[in-house]
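Chemist: Got a structure for you, written out below as structure tokens; questions coming shortly.
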Amino acid sequence: MVMGKRQSRPWIVSGELWSLIEPLLPEPPPKQVEGRPRVPDRQALCGILFVLHTGIQWEYLPQELGFGSGMTCWRRLAAWNEAGVWDQLHRLLLNKLRSKNHRHPKPIRQGQ
């Protein structure tokens, strides 16, 4: 996962990042009524990131992007927040960073 490299579309979730996030997501509830198929979680996450990155209002999320409606993405964000996904992801990423830094400690320079 290259964090320092600037992406032209930072709301697109890489396969490597998705492999960390997907296991943290709760199972979707059973469908109560027939209707449109459920928007895949990865697409909904990209929609959430698009809204957060651009600052547009949820209802203006462009349908052409394929992320589902703004309301779908908002509901998914709320459900994942309720399930503690973001806290778990935060801890996971911190642990990965700490273990990486532990293996390759940064040299301490004199006078700092």
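Chemist: According to a simple spin-label model (label point 7 Å from Cα along Cα-to-Cβ), what is the distance in nm between R9 and N101?
Modeler: Distance between the two pseudo-spin positions: 3.3 nm.
Chemist: Quick check for you: with a 1.4 Å probe and neighbouring chains kept, what is the accessible area per residue of segment 32-77, in Å²?
Modeler: 67
Chemist: Between S19 and A83, what length comes free when the chain is fully extended (0.36 nm per residue of separation minus the Cα-Cα distance, one decimal in nm)?
Modeler: 21.2 nm
Chemist: L61's amide H: which non-local residues (gap 5+, or another chain) put their own amide H closer than 5 Å, with H modeled 1.01 Å from N in plane and none for Pro or chain starts?
Modeler: Those qualifying (amide H under 5 Å, at least 5 residues apart or on another chain) are G70.
The values are calculated or read from the model by the stated rules, or taken from the named source; none is laboratory data. As the structure is a computational prediction, the values presented were derived from the model and not from experiment. Methodologically, a virtual Cβ is constructed for each residue, glycine included, from the backbone with ideal geometry; neighbour enumeration extends over all protein chains shown. For accessibility, only protein heavy atoms count, side chains too; no ligands or nucleic acids. Shrake-Rupley method; radii C 1.70, N 1.55, O 1.52, S 1.80 Å.
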